[in-house]
1. Of the residues 299, 134, 44, which exhibits the maximal mean-square fluctuation in a Gaussian network model of the chain defined by a 10 Å Cα contact cut-off?
2. Round to the nearest 0.05 the FRET efficiency obtained for residue 185 and residue 261 when R0 = 56 Å and r is the Cβ-Cβ distance.
3. Which whole-number percent is the relative contact order of the chain (Cα, under 8 Å, 6+ apart)?
4. State whether the range 230-319 is rounded, prolate or oblate according to the following rule on the C-alpha gyration tensor (a ≥ b ≥ c being the square roots of its eigenvalues): a/c under 1.5 gives rounded; otherwise a/b larger than b/c gives prolate, and the remaining case gives oblate.
5. Once the Cα atoms of helix 234-246 and of the chain are each reduced to a long axis, what angle between those two axes, in degrees from 0 to 90 to the nearest 10, is obtained?
6. What distance in nm separates the two pseudo spin-label positions at residue 242 and residue 221, each 7 Å out from Cα along the beta-carbon direction?
7. Given Cβ point charges of +1 (Lys, Arg) and -1 (Asp, Glu) and nothing else, what value in debye, to the nearest 20, does the dipole of the range 7-139 about its Cα centre take?
8. Mind listing which trypsin sites (Lys or Arg not before Pro) in the range 85-129 are in a DSSP loop and have 14 or fewer other Cβ atoms within 10 Å?
Amino acid sequence: MKTVIAWLNEALASKDIGAGMTYYRVKDKTISATNGNIVASHPWTFGKDEFLVPGKEFEKVLSRMTEAPIISLNKDGELILKSGRFRGTVQTLPLTEWDYPGVAGAKWQKLPADLIKLIKALQPFISDNASQAWATCIALKTGWAYATNNIAIAGGACKGLEKVDAMLPMWAVEFILSRVEGLKEWTYNNNFIAFRWDSGAWMRSQLIVGQFPERAAEMVRQSIKAKTTQKIDDKFREVIERIGDLAEDTVLIYAKRIEARFGKAVVEDGVVCEIPKDADCSIFAAKVLLPAINAADSWSPSTWPNPTPFRGPVVSGYVVGRRA
């Protein structure tokens, strides 16, 4: 039971922003939850009672039980949980207080073989700035997937997306990537996208309305063919990560070292890198450069201050540097 709740609880609202959103619904041999962004459901095999139980209280009582509990409803509609001598009673609500969309009638199809790998590679490029809704998504469109934080753009081709045009929001991305095991099917239409696991569990999310900028998508497609002039090996990646993690803002990449500042400190590490013809170094925002370097096995830093192409085994794209 604890495993089921752990799988589902990310879909539960932390604040009561809608009827029953902080409650788990147990009905028709499933347990469901919603936070307004996603709805998720998992098979329920722990009795035949149907109820709407507050998630916080239910989880807290359940967490104190060392053995699988026996659960039942009493005549007053209270949920009783028993584990050995430990006992908890939780007040419930009528099932009518929870009425959110499911996936009845959905036409499920096999998940494209490379989709999850591609989504995982693109997740670091999703923006957390909601001023442009499409930037908080991964765009799935006509055989490709794209993401951008407005400073770096990345994407890759994927068989099975040829007829898809959908904006997959970051909260759906986070949910499925933390539950990859057993994920096998999906379905989508103009309004929502849903994923189903081999256990019978599922999650659905409303799609974001909007379009990924075609110019950015075109740049990603061009990056696949762009000439890259320097390989990225593990040593280079380690130095970028070590210095970048300490950087307050930018990293400066010189011919034989990488430098960053934070507070009153300066750090540097030795590594060989290309530099622009007309500058001593290239400059990049650390938090933007790190995902690109981690995704790439080659790039062209000498193109700075113009957009710098990077290419990797899963995604490719461009990262824009700083001038100062």
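Quick note: the coordinates plus some simple rules give every number you see, no bench work behind them. Nothing here was measured: the structure is a model prediction, and the numbers come from that model. Every residue, glycine as well, gets a Cβ built from its backbone with ideal geometry; the counts of neighbours run over all protein chains shown.
1. 44
2. 0.70
3. It comes to 12 percent, rounded to a whole number.
4. Prolate, because a/c is 1.5 or more and a/b exceeds b/c.
5. The answer is roughly 70 degrees.
6. Taking the simple label geometry, residue 242 and residue 221 are separated by 4.2 nm.
7. My answer is approximately 380 debye.
8. For trypsin sites (Lys or Arg not before Pro) across the range 85-129 that sit outside H, G, I, E and B with at most 14 neighbouring Cβ atoms in 10 Å, the list reads 85, 107.
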